[in-house]
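Chemist: Supplied in structure tokens, the structure appears directly below.
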Amino acid sequence: MNEKYPFVNPPLPYEYDGMEPYIDTQTMRLHHNRHLQAYVDRLNDILSKYPQYQPLSLEQLLISIDSMPPEIQTDIRYNAGGVYNHIFYFMNLQNPSSKALPFPLQSYLDSTFHNYETFQQLFTEAALSMFGSGYAWLVINALGNPQIITTANQDTPLAMNMFPLLNIDVWEHAYYLKHFNRRADYIKDWLSVINWDRVNQIFLDFSKRYLL
Ligand code: MN
């Protein structure tokens, strides 16, 4: 994501009904058009008063928070994170999903999780364990290994020196209209619409850059 201020809400690479029947059209529309748009607008509003940060990309903003004036740190963390996390989430989705995990991502994940079933189970447990609002992530940790983590609110793995590969938004607005309070059903449906080709591409780009 190399975009800079003023940030725009990128159009989805599929229609709002593209994730049916797993994620419903109205949820996708509100989530993209209202929730993500609000984060974009608030981030632009803050940055309009701090021109020194306008040349920074989202990633650069997120890893620079500690050096910013204290009065904007919380707002930048929340809103730049909200933009980053949501774009990451929407770009992860694909329907139908690929039939099998692509290489070399599959061997990379199997080295830690042994097989896809175990990965799914551990990822589901992590996403269920997140109390309140946040995300579950598959990341590359500082040792170069795959790891499943959760982040609260709009915190990002970037700020924790971890490199994201995949995330699920478990804020209630991501599923409440269709799945009500049954987060487990939403996670199960989400597992059916993961864009593994994109995750594999992110992994390949990372591997080339850091010679994993
Ligand atoms: Mn969301």
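The values are calculated or read from the model by the stated rules, or taken from the named source; none is laboratory data. These numbers come from a predicted model, not from an experiment. Positions of Cβ are backbone-derived with ideal geometry, glycine not excepted, and every protein chain shown enters the neighbour counts.
Chemist: Give the number of residues within segment 142-199 that are within 19 Å of Glu20 (Cβ to Cβ) and among the aromatic types (Phe, Trp, Tyr).
Modeler: 5
Chemist: Can you confirm whether segment 172-191 contains a residue that is within 21 Å of Ser107 (Cβ to Cβ) and either touching a Cys at 6+ places or on another chain (Cβ under 9 Å) or buried (at least 18 other Cβ atoms within 10 Å of the Cβ) (or both)?
Modeler: The answer is no; no qualifying residue exists.
Chemist: Would you check which residues across segment 33-44 are within 13 Å of the ligand (Cβ to nearest atom) and either among the aliphatic types (A, V, I, L, M) or farther than 16 Å from Gln154 by Cβ (or both) and list them?
Modeler: Of everything in segment 33-44, those that are within 13 Å of the ligand (Cβ to nearest atom) and either among the aliphatic types (A, V, I, L, M) or farther than 16 Å from Gln154 by Cβ (or both) turn out to be Asn33, Leu36, Ala38, Val40.
Chemist: Same structure, new question: If you scan segment 95-140, which residues turn out to be modelled with pLDDT of 95 or more and touching an Asp or Glu at 6+ places or on another chain (Cβ under 7 Å)?
Modeler: Pro102, Tyr135
Chemist: Okay, moving on. When you look at Leu158, is it away from the ligand (no atom under 15 Å from the Cβ) and assigned to a loop (DSSP other than H, G, I, E, B), yes or no?
Modeler: No: the conditions fail for Leu158.
Chemist: May I ask you to list the residues in segment 33-56 that are farther than 15 Å from Gln73 by Cα and either basic (Lys, Arg) or at pLDDT below 95 (or both)?
Modeler: Arg34
Chemist: If Leu30 passes every condition in (1) crowded, with 19+ Cβ neighbours inside 10 Å; (2) assigned to a helix (DSSP H, G or I); (3) in contact (Cβ under 8 Å) with a residue 60 or more places away in the chain; (4) of a type in the set (A, V, I, L, M, F, W, C) but one, which one does it miss?
Modeler: Unmet for Leu30, out of (1) crowded, with 19+ Cβ neighbours inside 10 Å; (2) assigned to a helix (DSSP H, G or I); (3) in contact (Cβ under 8 Å) with a residue 60 or more places away in the chain; (4) of a type in the set (A, V, I, L, M, F, W, C): (1).
Chemist: Identify all residues within segment 177-194 that are in contact (Cβ under 8 Å) with a residue 24 or more places away in the chain and either over 21 Å from Leu122 (Cβ atoms) or out of contact with any helix residue (DSSP H, G or I) (no Cβ under 7 Å at 6 or more places or on another chain) (or both); write none if there are none.
Modeler: Leu177, Lys178, Lys188, Asp189, Trp190, Ser192, Val193, Ile194
Chemist: Out of curiosity, is Arg198 in a helix (DSSP H, G or I) and under 20 Å from Asn95 (Cα atoms)?
Modeler: Yes; evaluated as a whole, the condition is true for this residue.
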